[in-house]
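Everything on this sheet refers to the single structure shown next.
The values are calculated or read from the model by the stated rules, or taken from the named source; none is laboratory data. Predicted model only: the values in this text are computed from it and were never measured. Note that each Cβ is placed from the backbone with ideal geometry, even for glycine, and that neighbours are counted across all protein chains shown.
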């Protein structure tokens, strides 16, 4: 992976590898982003970049696998928000989230959108909160998987909004979306692509979960604008390596990723996926991970979601 090798050294070393901790059907955006950036890194490094999926265990299996590798920078783990949530969600992790990994770069974020079924007599976030307070436990919302950004967003809304609603679990955002379209649940936090159904009148959009309105849907306010100060909940995508990887190597990898992120063709494709590319330094990503560990750990505790013990 280190970019400073000669052509002969590069040819003699193993191909670079990005390890995505999800199944191919588990997160379309994650895998698409991994492949987009992987192809750009191949151009920059002039060497193969292999995308390997190691599914299972809420990304824990892939994360544990990388934690046991040599810290040479040749395998990069792609992580999402769940990386910072698992320490509070799962007991007895087979690795230490902070000690065993060094952040490289946060590649981008994907906001969620608070959407409701069109027949729900609510047209704003404050209207939803008022209805929920007046009718405790009557509203229903989807939860694609505990610990994912949409599920965390739903719990944060109930905490900040001081109301209760019934959580209905689904195996992924696609099943959740189908249930919402069928009117089986009242509201959900879904991916940005669900806004296409808003255009068709099959859903109503109340707010987006990042601090800035979406360029392609500027009419949808942010949760902060809707009256919930400090409310943010989005899926971030980033890359980490095994701790002990030489700082110079981390710097080279970070530089290459930032180059890839600035590529106009890559940005055009990620815009279509609903991902806002970021980039930045390893320290910035490290701060994001630590902040989210504290934030989402607190949300899980307030929501009464206890860690699941792994054997």
Task: Residues satisfying the stated conditions in segment 284-306, i.e. surrounded by 16 or more Cβ atoms within 10 Å (Cβ to Cβ), touching a helix residue (DSSP H, G or I) at 6+ places or on another chain (Cβ under 6 Å) and more than 22 Å from residue 29 (Cβ to Cβ) - done: 293, 297, 299, 300, 303
Task: Yes/no for residue 182 being out of contact with any strand residue (DSSP E or B) (no Cβ under 9 Å at 6 or more places or on another chain), more than 30 Å from residue 62 (Cα to Cα) and either surrounded by 18 or more Cβ atoms within 10 Å (Cβ to Cβ) or not assigned by TED's automatic domain parsing to the domain that holds residue 37 (or both) - done: yes
- [ ] Test residue 220 against the stated conditions and say whether it is touching a strand residue (DSSP E or B) at 6+ places or on another chain (Cβ under 7 Å) and either closer than 19 Å to residue 195 by Cα or touching a residue at least 12 places away in the same chain (Cβ under 8 Å) (or both).
- [x] yes
Open item on the list: Whether any residue in segment 129-147 is under 24 Å from the mean Cα position of the chain (by Cα) and assigned to a helix (DSSP H, G or I) is what I want to check.
Closed with: no
Open item on the list: Quick test of your reading of the structure: residue 281 fulfils all but one of (1) over 16 Å from the mean Cα position of the chain (by Cα); (2) surrounded by fewer than 17 Cβ atoms within 10 Å (Cβ to Cβ); (3) within 20 Å of residue 80 (Cβ to Cβ); (4) not assigned by TED's automatic domain parsing to the domain that holds residue 30. Name the failing condition by number.
Closed with: (4)
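Conditions (1) under 28 Å from residue 192 (Cβ atoms); (2) surrounded by fewer than 16 Cβ atoms within 10 Å (Cβ to Cβ); (3) in the same structural domain as residue 93 (by TED's automatic domain parsing); (4) at pLDDT below 90, marked per residue:
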position	(1), (2), (3), (4)
31	yes, no, yes, yes
34	yes, no, yes, no
45	no, no, yes, no
48	no, yes, yes, no
52	yes, yes, yes, yes
59	yes, no, yes, yes
63	yes, no, yes, no
TODO: Sort through 71, 103 and tell me the only one that's part of a loop (DSSP other than H, G, I, E, B), touching a strand residue (DSSP E or B) at 6+ places or on another chain (Cβ under 8 Å) and modelled with pLDDT of 90 or more.
DONE: 71
- [ ] Return yes or no: is residue 122 under 21 Å from residue 287 (Cβ atoms) and assigned to a loop (DSSP other than H, G, I, E, B)?
- [x] no
